[in-house]
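Notes follow once the structure below has been shown.
The values are calculated or read from the model by the stated rules, or taken from the named source; none is laboratory data. Values in this document were obtained by computation on a predicted structure and should not be read as measured data. Note that we place each Cβ from the backbone using ideal geometry, even for glycine, and neighbour counts take in every protein chain shown.
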Amino acid sequence: MHEHHDYQQIMTSLRRSYNQEKAEQRDLREPEEWKRTLRQRFLSLLQQENKTVLLEIGAGTGHDSLFFQKNGLDVVCTDLSADMVNRCRAKGLTAYVMDVLNLDFPPRTFDAVYALNCLHHVPTHDLPAVLHKLWSLLHSGGLFFLCVYGGREWEGVREHDWHQPPRFFAYHTDTFMQHITAPLFDLVSFHTLPSEEHPLYFQCLTLRAKQAMEGTQAGAALALSVRNAPTGEEEVR
């Protein structure tokens, strides 16, 4: 069983972690080559399917959102940090201060959602609600790119973190990630990439929103998925 962690307390702490100083530092860093490759692949898929309206969550300082906007997409980006959002707006991006459980957009607004290295900050207990929220914002058949650290089951505050206060993370096995997303999304592709945080690695899922169903049906499907979620400890390579 996963320990229960308070979502709002974690979000409050993360806002302090991703402050103005960290925003400035991150804004000066060019995205690594593997990140550039991932976003180009996702852009190519969106272009093949004529999907043009994209939401990026956990957008940070907006490097990826700006890339998508320069390539013709209609982009909206969000981050829980006002300092990060200010950096996005300075780049000419439409950006809002929002956390992932409180994305204030009408249902079925977006063709695609892009979430690179942000949802591993969501407590396991709240992950189904976050997935349901993102699914509700997508058109049926909309695409969702999800990339997180993972490889084992663990959640908590990392003691030796380079952010202050140290950040909360929730890591999961490949099996868990594919299982927990299955009620609302079809799996288009799944692959992993090595990271400097060995034995953790990056889990990259491209998902497609299933046909719209009644909210109670979706909730029931997610609840069943959580109850039956595998709890194997490790999947380390």
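General remarks:
- Leading residue by the ranking (surrounded by the most Cβ atoms within 10 Å (Cβ to Cβ)) among those in the range 157-205 that are within 18 Å of HIS4 (Cα to Cα) and within 16 Å of the chain's Cα centre (by Cα): HIS172
- Index of the failed condition, SER44 passing every other in (1) out of contact with any Leu (no Cβ under 8 Å at 6 or more places or on another chain); (2) surrounded by 14 or more Cβ atoms within 10 Å (Cβ to Cβ): (2)
- Pairs, first in contact (Cβ under 8 Å) with a residue 60 or more places away in the chain and over 14 Å from LEU55 (Cβ atoms) in the range 68-94, second of a type in the set (S, T, N, Q) and surrounded by 15 or more Cβ atoms within 10 Å (Cβ to Cβ), C-beta under 7 Å, six or more apart: ASP83/ASN19; MET84/THR61; ARG87/THR61
- Restricted to the range 22-68, and to residues there that are of a type in the set (S, T, N, Q) and more than 20 Å from THR206 (Cα to Cα), the residue that is farthest from the chain's Cα centre (by Cα) is GLN25.
- Verdict on ALA170 being modelled with pLDDT of 95 or more, in contact with a strand residue (DSSP E or B) (Cβ under 8 Å, 6 or more places away or on another chain) and farther than 25 Å from GLU33 by Cβ: yes
- The condition of being of a type in the set (Asp, Glu), in contact (Cβ under 8 Å) with a residue 60 or more places away in the chain and part of a strand (DSSP E or B) holds for only one of ASP111, ASP99, that being ASP111.
- Some residue of the range 1-8 being of a type in the set (A, V, I, L, M), over 16 Å from ALA115 (Cα atoms) and in a loop (DSSP other than H, G, I, E, B): yes
- Residue list for the range 64-78, restricted to those being within 16 Å of PHE145 (Cα to Cα) and in contact with a Lys or Arg (Cβ under 9 Å, 6 or more places away or on another chain): ASP64, SER65, PHE67, PHE68, LEU73
- Test result for LEU119, under 15 Å from TYR7 (Cα atoms) and touching a residue at least 24 places away in the same chain (Cβ under 8 Å): yes
- Of everything listed in (1) farther than 30 Å from ASN50 by Cα; (2) part of a helix (DSSP H, G or I); (3) not hydrophobic (A, V, I, L, M, F, W, C), the single unmet condition for ASP161 is (2).
- Assessment of the range 45-52 against the conditions (assigned to a strand (DSSP E or B) and touching a residue at least 24 places away in the same chain (Cβ under 8 Å)) yields no matching residue.
- Among all residues of the range 136-156, there is none that is among the charged types (D, E, K, R), surrounded by fewer than 23 Cβ atoms within 10 Å (Cβ to Cβ) and within 13 Å of the chain's Cα centre (by Cα).
- Selection count, the range 53-89, where residues are surrounded by fewer than 19 Cβ atoms within 10 Å (Cβ to Cβ), touching a strand residue (DSSP E or B) at 6+ places or on another chain (Cβ under 8 Å) and either acidic (Asp, Glu) or part of a loop (DSSP other than H, G, I, E, B) (or both): 1
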